[in-house]
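The values are calculated or read from the model by the stated rules, or taken from the named source; none is laboratory data. In this text, all values refer to a predicted model and were calculated from it rather than measured experimentally. Ideal geometry is used to build each Cβ from the backbone, glycine not excepted, and the neighbour counts take in all protein chains shown. Areas reflect the complete protein model, heavy atoms only, side chains present, ligands, DNA and RNA absent. Shrake-Rupley method; radii C 1.70, N 1.55, O 1.52, S 1.80 Å.
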Amino acid sequence: MITFNNVTKTFEDGTVAVDDISFTVKKGNLVTLIGPSGCGKTTTMKMINKLISITSGTISINGNDISEQESVELRRNIGYVIQRIGLLPHMTIEENVSLVPKLKGWKKADYQKKVDELLDMVGLDPQVYKNRYPLELSGGQQQRIGVIRALAGEPPIILMDEPFSALDPISRQQLQDELKLLQKSINKTIVFVTHDMDEALKIADEIVVMKGGSIQQIATPTELIQNPINEFVRSFIGEDRAKRVTKKREELHASTIMEPLVPEQVTGDVPNLSYHSSLQDVARVMLTKETETIIINGEDGKPIGVISHQRLLQELAGIRAGGAQGGIHSNLF
Amino acid sequence: MESIQIFFDTIVTRQDLIVERAIEHLYLSFLAIAIAVLISVPLGIYISRKRKMAEFYIGITAVFQTIPSLALFGFLVPILGIGTLTALVALIIYALLPILRNTYTGIIEVDEGIIEAGEGMGMTPRQILLKIQLPLSLPFMMAGIRTATVLTVGVVTLATFVGAGGLGDVIWRGLQSWNNSLVLAGAIPVALMALFFDFVLKLLEKRVTPKGIKS
């Protein structure tokens, strides 16, 4: 859990980049910071790993004030993905991915295993890619490495600064899908900076809309579309998008509501479904097989998450885990 | 045909002188470059971290470079007298700029995205220097050292005027005695040395270029 408490950042030239903001990022949530350029979204993010210092206020992670922590140590426990990718061109893919584990002093066998595991996860064959150099990969592949490099040290938190905006539209879509699946299956807290509303609506659990250094609105994608708090937020979303996304929401599928896999749940004869199945299919299988849980498989057929009876009902009733938000989805079903 | 014969005769009769001066020449070149590297590389790393001062330091070395080499030797004689030391100082001053500028440029040209990623992953400034900035700027540094070496091997011929020896001695004797063969017997080895170092250092430059950034 990341908590901002009255955080302000004033740069040396007197510009107030971030003006007295307070908000909380819940554990396991993907929160996007969005706004026009100069709104302070990147500054806000970079204060979390102390790449930018705070002028006043506090940021705490799980209750511990980050100003009391050593920056180098703090950063090793926070994944970091940037728009410019920033792979080290003189190191192989394996060396790049194992950087943080090595800094943290892992044993060789451990980080080698981790590298293979992560490459597999993003669909790049370790035997083929491990010993290649970054410049031998396409932009989309490079950023996949950028993402798994951030995951390699097993940080509970990952910061992403417009990670997909320099990629071609197809790679961008793919990586957004992969990230969403990934986040659901590995349960990381992700702070994601973007200026692209479509991207935010697609991947976020919660969206923080910023303008001129202050927060305009914090809401789930659906809430944001349906109840923009002011004219700025409304215009930032745009009328077309509001209509289009409401429609999209009707096509919820399994991956959007699944929860991280817990090994104990997989024991026994649990039915499997693809991540792309509709919620209707999930409900049907649950009833016909008389089961409480269903395992959700990723593209490669390996299990990536689980949907419980409880979770499905909550979703269909329009209740989000952790609190009732009735009415939000009610018009969809 | 006859002149070639005379040239070879000159080499044979004067071989002791030529070999001795060639060794002196190499010695002066090596020592000057080694010391210039020891000064320029750390200074280059230092000014890459204080970019406001960088232009000032590079400017100073650039001014040194504009002094005609013969005049530079001349300036130093009243201060340091005659001898090897004077020659060395002049040669070092001359070799500073290419190495300093290339070291500095090599380091600051490293993509900021890479540095930012390094910082964000929790690398210390020292680790960023040793694992990112230096390996990626090494080819630039080597190119600077190559330029400086070729330059120095040529300029060492002037060391004779401050009594520091080198192949310049052979050339100067040839000029004074209207002996063209002797002039060539001094000049050709200098040219060969310059070409040889250029070639060897170019190979080395390729070797130190990290595998992933070779095109």
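Scanning region B:92-113 for residues that are buried (at least 20 other Cβ atoms within 10 Å of the Cβ), hydrophobic (A, V, I, L, M, F, W, C), over 21 Å from B:Thr149 (Cα atoms) and free of Cβ contacts under 8 Å to residues at least 40 places away in the same chain turns up at least one hit.
In region A:92-99 there is no residue that is buried (at least 18 other Cβ atoms within 10 Å of the Cβ) and in contact with a strand residue (DSSP E or B) (Cβ under 9 Å, 6 or more places away or on another chain).
Filtering region B:131-148 to residues that are more than 17 Å from B:Leu43 (Cβ to Cβ) and within 14 Å of chain A (Cβ to nearest Cβ) leaves B:Lys131, B:Ile132, B:Pro135, B:Leu136, B:Pro139.
Within region A:110-137, can you find the residues that are open to solvent by 60 Å² or more (accessible area, probe 1.4 Å) and free of Cβ contacts under 8 Å to residues at least 40 places away in the same chain?
Our first condition is that a residue be open to solvent by 60 Å² or more (accessible area, probe 1.4 Å); within region A:110-137, this holds for A:110, A:112-113, A:117, A:120-121, A:123, A:125, A:127-128, A:131-132, A:135-136.
Scanning region A:110-137 gives A:Asp110, A:Gln112, A:Lys113, A:Glu117, A:Asp120, A:Asp125, A:Gln127, A:Val128, A:Asn131, A:Glu136.
For A:Arg149, the requirement of being open to solvent by 30 Å² or more (accessible area, probe 1.4 Å) and either of a type in the set (Phe, Trp, Tyr) or not in a loop (DSSP other than H, G, I, E, B) (or both) is not met.
Consider region A:3-26. How many of its residues are under 16 Å from the mean Cα position of the chain (by Cα) and surrounded by fewer than 22 Cβ atoms within 10 Å (Cβ to Cβ)? Even if it seems obvious, please write down each step before you answer.
So the first thing to find is which residues in region A:3-26 are under 16 Å from the mean Cα position of the chain (by Cα), and the list is A:24-26.
Adding the requirement that they be surrounded by fewer than 22 Cβ atoms within 10 Å (Cβ to Cβ) leaves A:24, A:26.
Going through region A:3-26 one residue at a time, the tally reaches 2.
Restrict the check to region A:162-171 and report whether at least one residue is in contact with a strand residue (DSSP E or B) (Cβ under 6 Å, 6 or more places away or on another chain), within 23 Å of A:Thr256 (Cα to Cα) and in contact (Cβ under 8 Å) with a residue 60 or more places away in the chain. Steps first, answer last, please.
As a first pass, look at region A:162-171 and keep what is in contact with a strand residue (DSSP E or B) (Cβ under 6 Å, 6 or more places away or on another chain): A:162-163.
Next, from what is left, pick out any that are within 23 Å of A:Thr256 (Cα to Cα): A:162-163.
Subsequent filtering for residues that are in contact (Cβ under 8 Å) with a residue 60 or more places away in the chain retains A:162-163.
There is at least one residue in region A:162-171 that is in contact with a strand residue (DSSP E or B) (Cβ under 6 Å, 6 or more places away or on another chain), within 23 Å of A:Thr256 (Cα to Cα) and in contact (Cβ under 8 Å) with a residue 60 or more places away in the chain.
Among the conditions (1) within 20 Å of the chain's Cα centre (by Cα); (2) of a type outside the set (Asp, Glu); (3) over 26 Å from A:Arg84 (Cα atoms), the only one that B:Met53 does not satisfy is (1). Residue-level check: of (1) farther than 15 Å from B:Ala159 by Cα; (2) within 16 Å of the chain's Cα centre (by Cα), B:Ala87 misses just (1).
Has region A:153-160 got any residue that is closer than 14 Å to A:Ile93 by Cβ and more than 11 Å from chain B (Cβ to nearest Cβ)? Explain how you work it out, then say what you get.
We begin by selecting, within region A:153-160, every residue closer than 14 Å to A:Ile93 by Cβ; these are none.
Scanning region A:153-160, I find no residue that is closer than 14 Å to A:Ile93 by Cβ and more than 11 Å from chain B (Cβ to nearest Cβ), so the answer is no.
Here is a check on your reading of the model: is A:Gly123 under 18 Å from the mean Cα position of the chain (by Cα) and of a type outside the set (D, E, K, R)? Judged against the criteria, A:Gly123 is not a match. Would you confirm, using the coordinates I've provided, whether A:Leu175 is open to solvent by less than 20 Å² (accessible area, probe 1.4 Å), among the aliphatic types (A, V, I, L, M), within 27 Å of A:Lys302 (Cα to Cα) and free of Cβ contacts under 8 Å to residues at least 60 places away in the same chain? Answer is yes for this residue.
Within the bounds of region B:176-197, is there any residue that is within 14 Å of chain A (Cβ to nearest Cβ) and either open to solvent by less than 50 Å² (accessible area, probe 1.4 Å) or aromatic (Phe, Trp, Tyr) (or both)?
So the first thing to find is which residues in region B:176-197 are within 14 Å of chain A (Cβ to nearest Cβ), and the list is none.
No - not one qualifying residue is present in region B:176-197.
Among the residues making up region B:141-172, those that are touching a residue at least 60 places away in the same chain (Cβ under 8 Å), in a helix (DSSP H, G or I) and more than 18 Å from the chain's Cα centre (by Cα) are B:Phe161, B:Val162, B:Asp169, B:Val170.
Which residue is farthest from the other protein chains (Cβ to nearest Cβ), if the candidates are limited to region A:123-142 and must be touching a Leu at 6+ places or on another chain (Cβ under 8 Å) and either of a type in the set (Gly, Ala, Ser) or assigned to a loop (DSSP other than H, G, I, E, B) (or both)? Going through the qualifying residues, I end up with A:Asp125.
Note on region B:116-130: residues that are at the interface with another protein chain (Cβ under 8 Å from one of its Cβ atoms) and either touching a Cys at 6+ places or on another chain (Cβ under 8 Å) or not acidic (Asp, Glu) (or both) amount to 8.
Where residues in region A:279-315 are among the acidic types (Asp, Glu) and within 20 Å of A:Gln183 (Cβ to Cβ), which of them is most open to solvent (accessible area, probe 1.4 Å)? Among them, the one singled out is A:Glu299.
For region B:14-29, state whether one or more residues are within 30 Å of B:Leu130 (Cβ to Cβ) and either open to solvent by 80 Å² or more (accessible area, probe 1.4 Å) or touching a helix residue (DSSP H, G or I) at 6+ places or on another chain (Cβ under 8 Å) (or both).
Going through region B:14-29, the residues within 30 Å of B:Leu130 (Cβ to Cβ) turn out to be B:29.
Next, from what is left, pick out any that are either open to solvent by 80 Å² or more (accessible area, probe 1.4 Å) or touching a helix residue (DSSP H, G or I) at 6+ places or on another chain (Cβ under 8 Å) (or both): B:29.
Taking every residue of region B:14-29 in turn, at least one turns out to be within 30 Å of B:Leu130 (Cβ to Cβ) and either open to solvent by 80 Å² or more (accessible area, probe 1.4 Å) or touching a helix residue (DSSP H, G or I) at 6+ places or on another chain (Cβ under 8 Å) (or both).
When residues in region B:36-65 are screened for being within 15 Å of B:Thr103 (Cα to Cα) and touching a residue at least 12 places away in the same chain (Cβ under 8 Å), 16 of them pass. Looking only at residues in region A:27-86 that are more than 19 Å from A:Glu199 (Cα to Cα), open to solvent by less than 10 Å² (accessible area, probe 1.4 Å) and small (Gly, Ala, Ser), which one is nearest to the other protein chains (Cβ to nearest Cβ)? Looking at residues that are more than 19 Å from A:Glu199 (Cα to Cα), open to solvent by less than 10 Å² (accessible area, probe 1.4 Å) and small (Gly, Ala, Ser), I get A:Gly86.
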